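K.L.:
Can you read through this structure? Questions will come right after.
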Amino acid sequence: MIGLTGGIASGKSTVAKILERLGAVVVNADTLSREVVEPGREAWNEIVGTFGADVLQPDQTLDRQKLRAIIFDHPEARKKLETIIHPRVRALAEERIRQHAAAGYEIIAYEVPLLFEGNLQDSLRPVILVACAVETQRRRLQHRDQLDAATAQKHIDAQMSLEEKRRLADYVIENDGDLDDLDRQVRAILEKIKAT
């Protein structure tokens with residue numbers, strides 16, 4: 001069981017795709033978090049009850065941008081949302097991981113953006129961190145989410161620093177190069193993991 005994490009816009013999803021191409025199965029926490037908040041589900045009901053119907057789009061799905069704006073500047077609102085979503089995501093992840101293990105997958109990776117922030121490193125080992133220079137991270141985030149530099153930096157600053165994450169990880173992939181370089185690093189780490 002591998003933990004896969006990284007800073008915002010550091011390239012986690014690209015590394016996850018490479019791992020899948022190399023035969024691993026990846027369970028993605030973001031995908032699961034979307035699943036647990038589908039309209040009518042328990043978490044959806046709790047979120048609407050806590051934040052009001054204003055956080056819904058016309059089709060009754062959550063308006064993620066509106067919710068993100070609420071929690072970004074209000075730590076207590078963020079805590080409430082995490083209390084609703086995180087335990088359900090964790091339970092669903094454990095279920096999917098058990099299913100994949102039963103299906104015979106040798107390498108299962110759990111892709112979690114806030115792995116260290118959620119203190120999951122004890123149950124997920126080894127941990128692979130995808131990191132890059134802060135300038136690269138900011139540039140990618142600006143491009144991906146159409147943000148100005150100050151807003152992009154605010155998003156980066158809201159997470160644990162990559163330096164701190166580097167100290168906690170078992171393997172670090174430096175994603176400042178091209179895709180071939182990234183592929184080489186992922187293959188090398190996967191070989192080391194398989195050899196242990």
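K.L.:
Within the group GLU76, GLU38, GLU82, which residue is modelled with pLDDT of 95 or more and of a type in the set (D, E, K, R)?
P.N.:
Only one candidate passes the filter, namely GLU38.
K.L.:
A further question follows. Mind counting the residues in region 164-184 that are within 14 Å of SER10 (Cβ to Cβ) and either in contact (Cβ under 8 Å) with a residue 60 or more places away in the chain or aliphatic (A, V, I, L, M) (or both)?
P.N.:
6
K.L.:
Quick check on this structure: which one of PRO58, PRO87, PRO126 is modelled with pLDDT of 90 or more and under 23 Å from LEU22 (Cβ atoms)?
P.N.:
Every option except PRO126 fails the conditions.
K.L.:
On to the next question. Could you list, in sequence order, all residues of region 144-163 that are open to solvent by 80 Å² or more (accessible area, probe 1.4 Å) and either farther than 13 Å from ALA9 by Cβ or not polar (S, T, N, Q) (or both)?
P.N.:
Scanning region 144-163 gives ARG144, ASP148, LYS154, ASP157, GLU163.
K.L.:
Within region 118-143, which residues are open to solvent by 20 Å² or more (accessible area, probe 1.4 Å), assigned to a loop (DSSP other than H, G, I, E, B) and either of a type in the set (A, V, I, L, M) or out of contact with any strand residue (DSSP E or B) (no Cβ under 9 Å at 6 or more places or on another chain) (or both)?
P.N.:
GLY118, ASN119, LEU120, ASP122, ALA133
K.L.:
How about region 177-189: which of its residues are modelled with pLDDT under 95 and open to solvent by less than 80 Å² (accessible area, probe 1.4 Å)?
P.N.:
Residue satisfying the conditions is GLY177 alone.
K.L.:
Restricting to region 155-189, give me the number of residues that are touching a Phe, Trp or Tyr at 6+ places or on another chain (Cβ under 7 Å) and part of a helix (DSSP H, G or I).
P.N.:
Result for region 155-189: 3.
The values are calculated or read from the model by the stated rules, or taken from the named source; none is laboratory data. It should be emphasised that the depicted structure is a prediction, and the values quoted were computed from it without experimental measurement. Don't worry about glycine lacking a Cβ; one is built from the backbone with ideal geometry, like all the others, and counts go over all protein chains shown. SASA here: full protein model, heavy atoms, side chains in, ligands and nucleic acids out. Shrake-Rupley method; radii C 1.70, N 1.55, O 1.52, S 1.80 Å.
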